[in-house]
Each structure stands twice: as structure tokens, then as C-alpha cells.
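Have a look at the structure below, then the notes.
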Amino acid sequence: MAVASGLDIGRNSTVKRIAVSALDRKTLFLNHLANFAIGRRIGILLLIALLSFLTVYPLAMLLYGSLHSTPPGMPGVLNLDGYAQIFTTSNFLVLANTIGISFAKTIPSILLAVALAFILARTDTPARGTLEVLVTLPFFIPPILTAMAWGMLGNPQVGVLNLVWKWLTGATTSPINVYSYGGVVWHMMQYSTPFLFLFIVDAFRAMDPTLEESSRMCGASRWRTFRRITLILMLPAIVSSFVLSLMRGIESFESPLFFGLPAGITVITTEIYNAINHRATPAYQYATALSFAIMAFMFLFVVWQWRVLHGRSFATVTGKAYAPNVMKLGPWRWVTFGFCILFFMITVVLPVGQLLIGSFFKFFGFYEWDMLTLEHYVAVWQNKEFWRAFGNTMLLGVMGATATMTLGGVVAYVTVRTRWRGRRLIDVLAWLPWMMPGMVLGVGFLWAFAMLPGPIPIYGTIWALLFAYMALGTPISVRVMSNAYHQLSFDLEECSRVHGGSWWQTLWRILIALSWPSFAVGWVLTFFGIMRELSASILLYSVGSEVLSVVLLKLWSNGQAEQVSVIGLLMMLLVIFFRWVQLKLIKQRISTL
Amino acid sequence: MPAVLVEDVSRQFGDVVAVDSVNLSIERGEFVTLLGPSGCGKTTTLRMVAGLEQNTAGRISIADRVVSDADAGFFVPPDHRRLGMVFQSYAIWPHMTVFDNVAYPLRIRRRSKAEISERVRAVLRLVEMEAFADRPAPALSGGQQQRVAIARALVFEPEVLLLDEPLSNLDARLRTQMGDEFRALQKRLGITSLYVTHDQEEAMALSDRVVVMQSGRILQVGAPEEIYQRPASRAVAAFFGSPNLLDAKVTGCEQHTDQKFKLGITGKNWTGECFAGEPFGEGEPVLVLVRPENVHIGASGKAPMAWSGRIKSSIFRGPRQSIVVDAAGLALNVEAPALLGANVGDQVHLNVPPAGAWAIRPDRASSATSR
């Protein structure tokens, strides 16, 4: 009868067959071993090692540094002085400022974001597609650019808005002063609103319209349906965005740096920055202890967010696309249209216009015809530091985005598509930076690089920034890639395996080939993130490894607002170009899948 | 020499036993279908043959080559098993054209350009998709995707073709057509096929042999006719349609042919004759299976099994009507020609010829038999 055992195959067959099947078995077995057991285990270990270096190591060094009495790299003793120093009355005010400002910007931002999301997802407002691109644009502009532009627009002495107001009304006092609580909140709102919008709008879109229709069929009015069904269904998305926005507000650095510090308003990030950069002797232990404390504080927020979401991820997108109910607004649709345009004018056109004007006049604030000049363009062109920073930013952007997305792609593959041992740990490690503000991670890496054994000179080089950017970008890259993988059915992969594709061939020819648009979209997102990053860069750069945002800040501190405008415009062009590429890719992906 | 040999194969997920000591042997060129309700382990069995799932016990061989032996810790990954597979979702890769999809198994095996082109054209001609070679895959209808999936699975002449509910995503008309076409193709090429479905009609129409599975075990293996007319247990009998299962006692037993015995039986207020696959002693209880289409409505005939009763309900189904007759407390399902025009409340006579009744042991509900 049938061959009962693989070992018996030879006995029942010809001699030739024995040789063939034995060889077959041997190669197969080796293949199997190489592919699955050892290779996989080594790969997993390498991945864990890399992720630990990016996240656990700076975290541990942060704790060590907060207990270490002297700056990194110097002999000292371990004590609790750092923690003793942070419990002061002025720090209580700092904490109150941080949280208060974060709440103050989150509440109006979320209201605006919900309004915009509703208008663009659920009403027949004209040109919704274009409006959505315009409304979300401020999210992609580096906050440092708008901060500088608003610094010029809302300057109490020579700000354009104040000048126009005085000219219109004949008043002698300036109504607007951006160097205030209001200024900090106002600037934060400009990038937090589109950020929240991007989260909420998908929830509005992903909603099954029959849920609302059945409410109407039960006799509920449109308003009642909105209150009892639509809003309640949106609530998880809105609440989780709210918590996220609060966390981002606490991490925010640019707004309090530009508008808070000149007015004597300090928040935690600027307090850490001050302690290291603006004191006669940098208070490393104090700054590190503060960083560690704020991270513990952020952890509470993360726990809160988990509780709010009952352990679900904060994504509300189900992946299934519905054609949502569109509300007919009649003539009111022009009002909503105008509302969106107004938002775009205030958040983009005004600041960019200011940069444009600022770049062409001899001195910012003195706008006369005979002051028109191109000298700032020439000055920037001849500025060696600018070119070096430009080169560094581009290099770091390309390398950082590629490395971060590759890492994210691998991590997402392991956590989403496999049942390998160790994947939970990898998931947690990759997610850790989520609760580390850029400033805190910067301090952590400062210690981490200084404590590396001798012959590894990372500190002070461009690699220091690269590692920091990778750590900061990894949670987002993992998210983007896991979303992409979730959309691909397992059949597509398994089908390739059955038809002869090895694990690597399947990964390359099927999974990567199918998810590269997501990879590219995430790449651009990470690139944006690197281009705008200031808080970690300002701590980790040194002469020769400056990036654009650092150079901008330096020029601004030196009062060279005109050159800042020129560089800002250039960055704006980059933003628009990459955003355009990204939108192209998103469109293409939707049409092919 | 079986093309596929499955010996005592089990699959455990934690505490759940999805497949429990399954034995199966498939001959070369044979079309075997795994049939059962969802969750019966049929797809897991198929995936273990494919190598997409690792068996926790037992041994699987394909074309005389052991591909998985749980005890020896030996496992050949799917890409080294030389199989073709058609997935329920078709798994047509959306970033490739029809040609690229079908050429994939050949490209992976580094065949020459000329050979790839020739073999892909040939197999596309076979499934009548030649004209669509340069189409992007997402621009195909469900039926066309099906054909492409079959072409891709056949292109490198696999040892065995595996099919996981390939017709379930098609509408009813297309399903029958594609099923018949595929069966014709399979017979012509003589390709060994292992097919998974939950649709009984599909299983009977396509297969050489049907394997009925439930709760991870095989209930019965046999030709479609055998499974349908001569089930080994109540569970198999009940799996097809809505049969009448009547309690009765044996009054006599005689050998009819080698494997067949003729029984005299008596039930509550009725007597009759039927066949069985094993001998029964006098007075033994049996369960008599009567398919609804084997119950005839008409004048009280001379058939040994007969009832008279009143029509309780009637459902018109186009070619036929489904009737429930209340015969002295016994509710009988009857499939009658629609032309009969029977109405609810009518008094009718029912009779069943001995060939239309099959006796099984009542307690054999869960025991398994195999060839």
C-alpha cells in the first residue's frame, strides 16, 4: 500500500530515488532551519536591541542623570537633589501654566475641528476636496515658521495687524500683543486644530449612514438624531483626540518659547530648555529630574487615554468606506465655505504673506516703497551656516525618514502579521517614545550619548540627531504601516507562499509591493516631522550639525527677522511640494486598491 | 500510490481541538471534497496539507514525500510543497496584471521568459481568459478573478490542487456554471484536487468522493451517491436536506447482495421494508431514513410502506413543492412535483418503495467510518 513513512521512501523505490529524496530532505531541512528558526530569532533579537537603544536606553539614562549630581560625562555622586529642586512654588506655577495653556488651546481647537470636520464630511459645501487640503495645510507647516510670522504680525510695536488697525481707526494703542497667554494659545490652536481635524474627520466619514437613517425612520428629528446618534457615536473619537491634544499641548515647545518666554510665561518644556541653555552654569540634574517627572506625568495621561478607550487603539477608522449622508445647506453652504476659507486665510495666508513681505523689505516693520530690497535673499544665499543646515536637514530628513519607515515597517510586520514570540515586547518598545516629549527625549539622549563607552563618538555629530528623530518618529511610522498591513488580507501572502514564494520573496514581491504607497505617505509625514523638529534638535546639535530649525531660531534671536523670512519661505515651498507628492500618492493608492 | 496521504493528523489551538485524528488518502487524479458546517475543521485540514498551518500530531505526505511529521518535528514550508491553491477570496494580487498574477509561480522558480510566456498563454487559454492577459487585476469581475486564480494554481502543474470554497463568493447561477466548467477541466487534465465547501449540492455535483466532517472528525467518506442514499449515521443523513428519520423495529432480515441487507420493519401504526448496510437482529431498534423526494403521493398503492394523512403546509418552490403531511401524529416531509397542485387540508395517500428507505443504527450518531 501507500508509503507509510518518509524514512521508508527509499526502500520502496529505486536507488536513484533514494538519493534524490535524501538530498531533497536535507536541503529542505537546512532551508527550513535557516529561514525560520535561527534567522528569525537573530532578527528578533537585533530588532529588540535596536529599539531598546532608541527608547529604553535614553529612558534609563534619564533616570540615571536625574540622580547624578554633575553634568553628563563628569564624575559625581548620586543623590536626590534634582528632585528636591523641582518641588518649588515657581515650578508649581510652571505646572499650572503648562496644564492651563494646554486646556485653553484644546477646548476651542476641538470645537473648531468638529465644526470643520462636520462641514467637510457631512454637508454639501462647495469644493470640499480642495477645502480639506487647504484646511489641513497648517498642520504640515513647521510651527517655528508660523511662530516667527505671528511674532511679526502681532508685535505690539511694529506688527502689521496693529499697524493696519491704527491706520484704520486712528487709534494710538495696539490692540494685539502676541507675547502673552493669549498669544501662546492662539499659536498652538493653529496647528492643533488641523491635527484634531485629521483625526475626527475619518470618524465622521467612517460612520454607517444607516445608523442615522434608522433614527430618522423611528421618528426622531434631524437635530435630535444629530445629538442622540451622530454625536454619541463620534464621542469616542472626540474624547480620545481631546486627550491626545492635551498631551501634545504639554509637549509643545515652539509656542511657549516664542510667545511665552518674552512675557515671562514659563511652561515645563521651556523651563527644561532654560535650565540647560540659559543659565550661567547649566543645571543638568535639575533639568533631567524635571524631564523624568514630566514623563511620569505623561504616563498618567497615557493611562487615562487607555481607560477612555477601554484598551482599544485610538483609531476609529474601520477601513470600510461608506458614502455618508450629506446635509443640504442651501444658501448656507456659502457661509460654511467662507468659514473654511477664513480659517485657511488666518492660519496660512496671513503668516506666509507676512514672511513674503518681510523678506522684501529692508527692515521688518518699516514698509515703505524705497525700503524694498532683495538683499536678504542675497544674504541667505551667501550664508554658509544656512547651506550647511539646509544640507544637514535634507540629509537627516531623507535618511531619518527612510530608516524610521523601514523600522516601522518591520515592527508593524512582526506585531501585526506574525505570531512570533517577542512581538509584544517589540510593540511596547516601539510605542514608548509616544509618551516622551521631544525635549525629554533630547535630554535622555544627551545623557545616553555621553555615557556611551569611549570609542563611539555619536554626541556632537549628525548621528545624534538621526537617532533622536528615529525614536520620535517610530510610533507614527509603526501606526502607518500597521494600518497598511491591516488592509491586506492574509490570503494574498499565503497564496504566494503556496505557489512557491519564500518568506523573503513574499515580503518583497507582495507585501512591500502592495504597501509602498503607505510607506511613501508615511515617509513624507516623517520627513515633515524631522524638518519641523526643534526641541530635541536644540539640545543635541553642535557646530557643524545644525539643522534649519536651529539656524532659524539663532537668526531670530539675533534679530535677523528678514533672513528668517527668506528661509521660512523656502521651507514653505518644500512643505507644499512634499504635501503635493503625498496627496498624489494617497489618490493613486485609493484608485488601485 | 496516493497523491495525498493524511495519517492521524490533529490540530490543536490551545485547548481547542480543531482537527481530531483525521485519516484520508487521495488517489492520483481524484477529486475529493471536504464537506461540513463552518467550524468543522475542513479548512484547517486543507491548510495543513498546504503547509499554512502546522499539524500538532500525525503525518502528511504529498506524492510519496513526507511534508510534515509532527512527532519527528519535520515540517516542509508551503513554498516547497509544489501545490496550487485557489483561495476563497481568490487572492488576486491587485498590483499586478492578469499575466503577472499567473506568471508568478513560474517567475519565482526562475523559468525562462519564453517558457513563462508560452505556459501562461496556454493556461489562460484553458480558462478562456487569454484576451484579458494585460488587464490590471482589480478590473476583473468575480467570475473572471476565479478563472485567473485557477489558471495561477495550474500554471506550473502542481502535485495537488487545493481549493478553499472557491465558488462561495459567486452568485448562484455563475456558481453552477463555474463548478461544472471546473469539473470538466479537472477531468480533462486528470489533476488531483482537494476541495473544501459547506455546500452539499456543490460537493455532490463535483466530487469523486465526499468526506463529511463534523467537530474536527470525519463522519463518513464515500462517493456522493453513497453518502446521500446510504449514510452511515444520523448526522450524515441529517446533513443533506430535511430528511424523514423514523423510529422502527426490525421484524426480519435477509442478505440482499454482498453489502446490502433487506429488512422488514414496523413502526408506530405502520410496517414496511427497507435496505441496510449491515445485518440486524429481529426486534432491534433502527432509524429509517426516507428522503422527502422518495415519498410518493398518490392512490394507496401496493408499496409495503404506506400512510394516509392530511396536508399541513405547502411551500411552492418553482420546479417542485415542499409539503408536510400529518399522518396520524407522524409529520412527514414530502417533495412533490409542483404540477400536483396539492392544497393545505387535502387528504392524501403516501407510499415509499423499499429502495427509498435506508436503515441505520440509532446510536451510531458520532462514530466514524472510512475506506
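The numbers here are math on the coordinates, done by the rules we state, and not lab data. The shown structure was predicted, so the numbers you read here are calculated from the model rather than taken from an experiment. Note that we place each Cβ from the backbone using ideal geometry, even for glycine, and neighbour counts take in every protein chain shown.
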**Test item: B:91-104 mean partner chain Cβ contacts at 10 Å** = 4
**Complete:** Partner shielding of B:147-159, taken as the mean number of other chain Cβ atoms within 10 Å, equals 1
**Request:** Report, to two decimal places, the Cα Rg of chain B normalised by 2.2 N^0.38 Å (N = number of residues).
**Result:** 1.17
**Fill in**
So residue A:394 and residue A:173, fully extended at 0.36 nm per residue minus their Cα-Cα distance, gain in nm 75.2 nm
**Prompt:** Ignoring the sites themselves, what is the longest stretch of chain A with no trypsin sites (Lys or Arg not before Pro) in a DSSP loop and at most 15 other beta-carbon atoms within 10 Å?
**Reply:** A:1-278
**Prompt:** Okay, helix-only estimate at 222 nm for chain B: each DSSP H run of n ≥ 4 adds -39500 (n - 2.57), divide by all residues, round to 500 deg cm²/dmol; what do you get?
**Reply:** -7000 deg cm²/dmol
**Complete:** Assertion target for B:257, A:210, ordered by fewest C-beta neighbours within 10 angstrom first, is B:257, A:210
**Request:** Rounded, prolate or oblate: pick one for the protein assembly as shown, where a ≥ b ≥ c are the square roots of the eigenvalues of its C-alpha gyration tensor, a/c under 1.5 means rounded, and failing that, prolate if a/b is larger than b/c, else oblate.
**Result:** prolate
**Prompt:** Nearest 0.05, what FRET efficiency do residue B:28 and residue B:181 give at R0 = 22 Å with Cβ-Cβ as r?
**Reply:** 0.50
**Complete:** Taking r as the C-beta separation of residue B:296 and residue B:205 and R0 as 30 Å, the FRET efficiency to the nearest 0.05 is 0.75
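Under a Cβ-only charge scheme (Lys and Arg +1, Asp and Glu -1), can you give me the dipole magnitude of the protein assembly as shown about the Cα centre, in debye to the nearest 20?
On the way: 82 positive and 65 negative charges, 113 e Å.
Magnitude of the dipole: close to 540 debye.
Using 0.36 nm times the number of residues separating residue A:133 and residue A:281, minus their current alpha carbon distance, what extension gain do you get?
So the extension gain works out to 48.6 nm.
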**Item:** Share, in percent, of DSSP beta bridges within segment B:2-235 that are antiparallel, nearest 5
**Value:** 60
**segment B:1-35 and segment B:245-281: distance between their alpha carbon centers, rounded to Å** = 34
**Asked** Taking each residue of B:68-78 in turn, how many C-beta atoms of other protein chains fall within 10 Å of its C-beta, and what is the average?
**Response** 4
**Asked** Of B:269, B:169, B:23, which has the largest mean-square fluctuation in a 10 Å C-alpha GNM of chain B?
**Response** B:269
**Request:** Could you tell me the distance between the Cα centroids of segment A:381-396 and segment B:40-69, to the nearest Å?
**Result:** 60
**Complete:** Nearest-0.05 FRET efficiency for residue B:343 and residue A:221 at R0 = 60 Å, using Cβ-Cβ distance, is 0.75
**Prompt:** Which value in deg cm²/dmol, rounded to the nearest 500, describes the helix-derived mean residue ellipticity at 222 nm for chain A, given -39,500 (n - 2.57) per DSSP H run of n ≥ 4 and division by the residue count?
**Reply:** -22000 deg cm²/dmol
**Message:** A 23 angstrom limit on the alpha carbon distance is what I want to check against. Which of A:384/A:554; A:362/A:554; A:584/B:113; A:166/A:554 exceed it?
**Reply:** A:584/B:113; A:166/A:554
**Fill in**
The alpha-carbon center of segment A:486-548 and that of segment A:400-424 are separated, in whole Å, by 9
**Asked** Of all DSSP beta bridges in the protein assembly as shown, what percent run antiparallel (nearest 5)?
**Response** 80
**Asked** Each label point is 7 Å from the Cα along the Cα-to-Cβ direction; what then is the distance between the points at residue B:125 and residue A:300, in nm?
**Response** 7.7
**Asked** Per-residue HN-Hα couplings for segment B:350-359, Karplus 6.51 cos²θ - 1.76 cosθ + 1.60 at θ = phi - 60°, whole Hz, x for Gly and Pro?
**Response** 10, 9, 10, x, x, 5, x, 10, 9, 9
**Request:** Sort A:59-68, B:135-144 for me by packing, meaning the mean count of neighbouring Cβ atoms within 10 Å per residue, highest on top.
**Result:** A:59-68, B:135-144
